[in-house]
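The values are calculated or read from the model by the stated rules, or taken from the named source; none is laboratory data. Not measured: the values here are computed from a predicted model. Note that each Cβ is placed from the backbone with ideal geometry, even for glycine, and that neighbours are counted across all protein chains shown.
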């Protein structure tokens with residue numbers, strides 16, 4: 001007969017050696033009101049099995065993005081996959097038939113984030129008849145759904161980005177260099193949120209890598225660079241998390257000291273967990 005651990009022993013395994021425990025699953029669920037849980041908040045319960053249940057209000061940090069599908073219409077192609085179009089870009093029935101789209105299958109047309117009346121009207125404009133056959137959930141692994149990413153970027157985010165760019169430059173340079181007085185505005189911004197009379201962190205849509213578009217597919221990973229600005233007396237850093245938007249950081253302005261080699265860049269490939277040094281133009 002197998003020995004059964006007590007709940008305290010199970011808890012010791014869970015918290016003491018997480019890399020060896022055979023659990024590895026975390027279940028999260030939300031309720032509409034705390035009253036459904038007996039008005040309990042910020043409570044941790046040790047269950048008889050040794051598992052730990054925590055009850056806490058859901059929180060969303062300022063940097064957490066919200067993925068919101070755009071209104072769109074999907075048509076079932078010959079390969080059994082949907083191709084999606086914005087409502088104003090729906091092609092004609094003839095165009096779809098010429099390219100092998102199946103308009104007779106009950107699943108042939110899929111509307112996402114668009115009400116049935118609007119969908120029916122937009123399709124009618126293109127000579128396409130629509131019959132509602134119920135709700136359809138697109139495959140979770142579909143990569144073709146058009147989405148709009150919305151996030152909140154505030155001073156707290158800017159200061160964190162500035163810290164990343166500052167630390168990157170510090171990694172390649174001697175500490176004495178970054179302790180010089182011209183770096184004080186950036187240091188005080190990172191530490192205390194004090195802003196000088198110029199912009200320290202700016203956001204732009206242009207990709208850091210020259211071969212990537214403003215809108216469209218990009219490599220999945222983090223990018224960071226440092227280099228002298230065009231004026232030759234300022235240092236600029238670039239940071240892009242998940243290669244989404246590019247943050248430009250003014251690391252140093254109007255420097256009159258020794259010109260050092262600060263031109264560097266790296267790509268952190270999150271898919272393959274590799275760090276690739278970027279090649280720079282002469």
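Here are a few things to note about the model shown:
- Among residues of the range 215-232, those that are assigned to a loop (DSSP other than H, G, I, E, B) and either under 16 Å from the mean Cα position of the chain (by Cα) or surrounded by 14 or more Cβ atoms within 10 Å (Cβ to Cβ) (or both), counted: 7
- Within the range 82-131, the set of residues being surrounded by 11 or more Cβ atoms within 10 Å (Cβ to Cβ) and touching a helix residue (DSSP H, G or I) at 6+ places or on another chain (Cβ under 8 Å) comprises 87, 90, 103, 109, 111, 114, 118, 119, 122, 126, 128, 130.
- Condition check for residue 120: over 14 Å from residue 74 (Cα atoms) and either modelled with pLDDT of 85 or more or assigned to a loop (DSSP other than H, G, I, E, B) (or both): no
- The lone exception for residue 196 - which of (1) outside any helix (DSSP H, G or I); (2) under 23 Å from residue 270 (Cα atoms); (3) in contact with a helix residue (DSSP H, G or I) (Cβ under 8 Å, 6 or more places away or on another chain) it fails: (2)
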